[in-house]
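In what follows, a structure is listed as structure tokens, so that the remarks can point back to it.
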Amino acid sequence: MFIQTSYFFTAVLAAKFAKEKQIKSDQKIRATLLIPAHNEETVIEKTLHSIKKQLPKGDSVLVVADNCSDRTANLIREFSIINGEEFKVIERNDTSQRGKGFALDFGVKYLQSKRPEILIIIDADCCIGENAIELLKQNAIATQRPVQANYIIEDVSSSSLLGKVSTFALIVKNIVRQAGTKALGTPCILVGSGMAFLWKDINSIQLASKNIVEDMQMGIDLALLGSEPIYCHDATIRSILPIDEKTAMTQRKRWEHGGLQTIITQVPKLLKKGITDFRPTLIIHALDISIPPLSLLILLTTGSLLANSIISIYQQENAPLILSSITFSQLLIASLTAWWGWGKNTISFTELLKIPAYIFWKIPLYFSFILNREKKWVRTDRD
């Protein structure tokens, strides 16, 4: 864990002292917002209203109602009648191929006859921040690269320790580490919503798959092809963590099992490509992806420190203990820096000290990765 923790430490410090540079393009470009939706009747209208407030003239919204058994498609048609024909819905019915990747592929194929210059993917339960569409478009055109927005997943349960710690962990992953990659000039990770692509890029990768973290895979595939994603902090996308603990565990299981599986299968590809083509950014991108979830990183680092402390006592071998101590210190400093810079309004210092309880809550999740790995796409229930 020393290499991963060292990179994590470096990325957090880079994010702390970096300044976001505004990227602007004067080009007038046409974009389509693609929204995959599976039984989203409770949230889709709120998402569409947040888009309508800032949708530039000439841009459009396409919703893929994927294997829906509720009123999702009808609600969007009604919304289109009232708010304009730039909002459109198409329906996909194929229960043998379920998952976000299949819905995205269906939407991209539909758009082949009227290709937009930029495709922006938004999840059906998200609200977009002010000027986010224009910022994503400008960054994509100016850099000619995929762009990931600042994706904030909030906890609306004020009393839940698990919710607060989960939110902080997501802040570290989706904001702090992403800002670090931007400061270091390396690719960021695509995290699912608020992703902008040049049409040539989205058309060059395989979307239809059962991958349960299809967004991360999209970013890796594009990086391997030379289109390395970048992060845009000023373009904000917001979503909400599930309140129900069982639902939250299901969501985290899908995210983290998919992420760990991606580490195993994709990091070697990135390292090989980075070395053979002499592309240092791919090697660093592999390091970023290889960082496990924060709770698992803490668990492994602490476990290593304790194990090497025992070895040092009984075998008088200090080198492993010194290395483990450095690793643990880097993780501690990075975590506190991330909390002070981005998380103190989300979780208090006293609550932060209770993170071991959160880790204990997640230990079964990590054991299940070995014994009963999540391989199927599972939609998160909406509260």
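Brief remarks on what is shown
- At full extension, LEU353 and GLU91 could sit 89.6 nm farther apart than now, given 0.36 nm per residue minus the alpha carbon distance.
- Computed [θ] at 222 nm, helices only, for the chain once each DSSP H run of length n ≥ 4 contributes -39500 (n - 2.57): -17000 deg cm²/dmol
- Tail beyond 18 Å, pair distance distribution of the range 88-136 (Cα, percent): 44
- Here, the range 1-87 yields an orientationally averaged convex hull projection of 9.8 nm² when only Cα atoms define the hull.
- Cα-based Kirkwood hydrodynamic radius, the chain, one decimal, Å: 21.7
- Taking the Cα centre of the range 1-142 as origin and assigning +1 to Lys and Arg Cβ atoms and -1 to Asp and Glu Cβ atoms, the resulting dipole is close to 540 debye.
- Shape category assigned to the range 256-383 from the gyration tensor of Cα positions, a/c cut at 1.5: rounded
- For the range 109-152 versus the range 1-78, the gap between their alpha-carbon centres in whole angstrom: 6
- Label separation (ASN318 vs ARG71): 7.2 nm, computed from points 7 Å beyond Cα along the C-beta direction.
- Remark: spin-label model distance ILE333-LYS272 equals 3.6 nm, labels positioned 7 Å along the Cα→Cβ axis.
- Surface composition of the range 130-281: carbon and sulfur atoms hold 55% of the protein heavy-atom accessible area at a 1.4 Å probe.
- Overall form of the range 84-186 per C-alpha gyration tensor (a/c, 1.5; a/b vs b/c): oblate
- Averaged over its residues, the chain has an accessible area of 46 Å² per residue, based on protein heavy atoms and a 1.4 Å probe.
- Computed over the chain with a Gaussian network model linking Cα atoms closer than 10 Å, the most mobile of VAL156, VAL64, VAL165 is VAL156.
- Overall form of the range 1-147 per C-alpha gyration tensor (a/c, 1.5; a/b vs b/c): prolate
- Cα centre as origin, Lys/Arg/Asp/Glu Cβ charges: the chain dipole, Debye: 540
- Summarising the label geometry, the points placed 7 Å from Cα in the beta-carbon direction at HIS49 and HIS233 lie 3.1 nm from one another.
The values are calculated or read from the model by the stated rules, or taken from the named source; none is laboratory data. Quick caveat: nothing in here was measured; it's all calculated off a predicted structure. As a convention, Cβ positions derive from the backbone with ideal geometry for all residues, glycine included, and neighbour counts pool all protein chains shown. These accessible areas exclude ligands, DNA and RNA; they are computed on the full protein's heavy atoms, side chains included. Shrake-Rupley method; radii C 1.70, N 1.55, O 1.52, S 1.80 Å.
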